[in-house]
Amino acid sequence: ISAPYSAPCVGIAFEELNAPPAVAAMGDSITLGVAGTVTPQGGVAVRSLRGMGVPVVNVSCDGERAQYAALNGRRLAFAFALGARRLVVGYGTNDVGAGRTAAATWADVGTVRTAAGTAGFALAVPSTLPPVTTSTDNWQTVGNQTVTANEAQRTAYNALVRAGTCIDQAALYE
């Protein structure tokens with residue numbers, strides 16, 4: 001199967017596969033790869049896995065929150081039907097950005113991981129959240145960047161994730 005497919009809150013992007021995907025990625029625009037646009041490249045975790053030759057199906061949706069993701073099992077079922085048996089859970093940026101606490105977001109991600117297990121996935125691994133900043137010089141210098149007001153919750157969430165098994169995409173930026 002090739003070519004990206006997109007429908008409202010069902011962002012699915014994957015390259016032509018010679019074998020069933022070993023891993024599915026499910027998260028927000030950070031996992032999808034680009035805000036508002038489905039791209040075959042995917043986010044940092046997806047590109048890293050693909051760079052190692054791991055076939056990945058990306059069933060992420062920009063703007064989505066972990067708080068609501070477990071309510072939609074269709075994307076998990078789709079990824080499982082394609083053959084994925086491991087899941088990267090890339091939610092949290094939108095949750096923390098909307099004011100949810102690190103603990104509440106971690107619990108919501110736990111619900112997604114439980115739903116993945118119920119759907120048949122053997123493993124569902126969360127990823128950390130990269131920093132979110134604003135810039136006065138279009139990100140030309142570090143000195144002109146400011147972290148958002150939810151930075152403390154983001155770093156607290158990352159500490160919860162790092163206490164277990166995770167995909168540490170934030171470490172690439174911090």
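The values are calculated or read from the model by the stated rules, or taken from the named source; none is laboratory data. No experiment lies behind these values; they were computed from the predicted model shown. Here the Cβ positions follow ideal geometry from the backbone for every residue, glycine too, while neighbour counts run over all protein chains shown. When the accessible area is computed, the model is the full protein with side chains, heavy atoms only, and any ligands, DNA or RNA have been set aside. Shrake-Rupley method; radii C 1.70, N 1.55, O 1.52, S 1.80 Å.
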> By per-residue mean of other Cβ atoms within 10 Å, what is the highest-first order of 44-53, 93-102?
Replying inline: 93-102, 44-53
>> Around Ala24, under 10 Å between beta carbons, what's the net of Lys plus Arg minus Asp minus Glu among the other residues?
In response: +3
> Taking the Cα-to-Cβ direction at Val147 and at Ala81 and moving 7 Å from each Cα, how far apart do the two end points lie in nm?
Replying inline: 4.2 nm
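Using the beta-carbon distance between Thr118 and Met52 and R0 = 35 Å, what value does 1/(1 + (r/R0)^6) give for FRET efficiency, to the nearest 0.05?
0.80
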> Is the shape of the range 124-164 rounded, prolate or oblate, going by the alpha carbon gyration tensor and its root eigenvalues a ≥ b ≥ c, with a/c under 1.5 for rounded and a/b larger than b/c for prolate?
Replying inline: prolate
>> For the range 97-148, what does the accessible surface come to per residue with a 1.4 Å probe? Please give it in Å².
In response: 52 Å²
> Label Thr136 and Arg74 with points 7 Å out from Cα along Cα→Cβ: what is the distance between them in nm?
Replying inline: 4.6 nm
